[in-house]
Amino acid sequence: MSMHSRLFIALAAILALPALSIAQSDRGVSFEIRGGVNLPTFDIADVADAGPSFGGGINIPLNQNWGIRGGVDAGFHDSDLDEDITITVIHYIAGLEYRYLPPASRWLLAANIGAGALTFDIEDGDSFTYPAINIGGRLGYAVSPMVNLFGSVQGDIAFSDEDEITTDNAWVWPLSFGIEISTR
């Protein structure tokens, strides 16, 4: 299955999540798009450089503070071993988000934790998918009752195979800015 097919299937599954939840909250289901840079650190930084990324996600409120969060991000990294090769890293992450401020606040301050998978797709080479964990946070400001601009810092750790991508734990940090649009 191609990288684009996996990305499309993951995004479709995440966008279908609202049908699985009936939220009792003052805030509605929200969708976000984001873009920024992914920073590989520790051993994976010896193989891949920082590169641009983009992604999207959904937030389904469970109550005023807690929600289910899911997203797919794609980062594009030049290889340190061969500058003509691009390594595409797809992040599939779902988990919980806690919003510290009430829904009526114009400010957004949130922390999240989750799990999922990271796929390392090496141009003209192999593709490897590993289980991953995530922790992160967002800071944003509502420019209208339904539109929020935000910055996000995430830490994604893939439990990888050292024989395949030179490390047994690949740490990649998506740093992004985005827009969140709520249904309420």
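The values are calculated or read from the model by the stated rules, or taken from the named source; none is laboratory data. On a predicted model such as this, the values are computed, not experimentally measured, just so you know. For neighbour counting, all protein chains shown are included, and Cβ atoms are generated from backbone atoms with ideal geometry for every residue, glycine included. Keep in mind that these areas ignore ligands, DNA and RNA; they rest on the heavy atoms of the full protein, side chains included. Shrake-Rupley method; radii C 1.70, N 1.55, O 1.52, S 1.80 Å.
Of all residues in region 126-181 being out of contact with any Phe, Trp or Tyr (no Cβ under 8 Å at 6 or more places or on another chain) and assigned to a loop (DSSP other than H, G, I, E, B), which is nearest to Tyr92 (Cα to Cα)?
Among residues in region 126-181 that are out of contact with any Phe, Trp or Tyr (no Cβ under 8 Å at 6 or more places or on another chain) and assigned to a loop (DSSP other than H, G, I, E, B), the one nearest to Tyr92 (Cα to Cα) is Asp126.
Give the number of residues within region 129-146 that are among the hydrophobic types (A, V, I, L, M, F, W, C) and at pLDDT below 95.
Of the residues in region 129-146, 1 are among the hydrophobic types (A, V, I, L, M, F, W, C) and at pLDDT below 95.
Give the residues of region 51-72 that are open to solvent by less than 10 Å² (accessible area, probe 1.4 Å) and among the β-branched types (Val, Ile, Thr), sorted by residue number.
Ile58, Ile60, Val72
Could you run through region 131-164 and say how many residues are over 30 Å from Leu101 (Cα atoms), open to solvent by 10 Å² or more (accessible area, probe 1.4 Å) and either touching a strand residue (DSSP E or B) at 6+ places or on another chain (Cβ under 9 Å) or touching a residue at least 40 places away in the same chain (Cβ under 8 Å) (or both)?
5
Sort through Asp121, Asp78, Asp84 and tell me the only one that's closer than 18 Å to Phe159 by Cα and either out of contact with any strand residue (DSSP E or B) (no Cβ under 7 Å at 6 or more places or on another chain) or acidic (Asp, Glu) (or both).
Details: Asp78 fails: closer than 18 Å to Phe159 by Cα; Asp84 fails: closer than 18 Å to Phe159 by Cα.
Result of the check over Asp121, Asp78, Asp84: Asp121.
Within region 99-130, work out how many residues are within 15 Å of the chain's Cα centre (by Cα) and open to solvent by 80 Å² or more (accessible area, probe 1.4 Å).
Total satisfying the criteria: 1.
Among Gly75, Gly35, which is the only one that is open to solvent by less than 10 Å² (accessible area, probe 1.4 Å) and under 29 Å from Ser182 (Cα atoms)? If you could, list the steps in order and put the result at the bottom.
Numbers: Gly35 fails: open to solvent by less than 10 Å² (accessible area, probe 1.4 Å).
Going through Gly75, Gly35 in turn, the sole match is Gly75.
Out of Tyr92, Tyr98, I need the residue that is over 20 Å from Gly55 (Cβ atoms) and in a strand (DSSP E or B). Which one?
Step by step, each of Tyr92, Tyr98 is checked, and only Tyr98 is over 20 Å from Gly55 (Cβ atoms) and in a strand (DSSP E or B).
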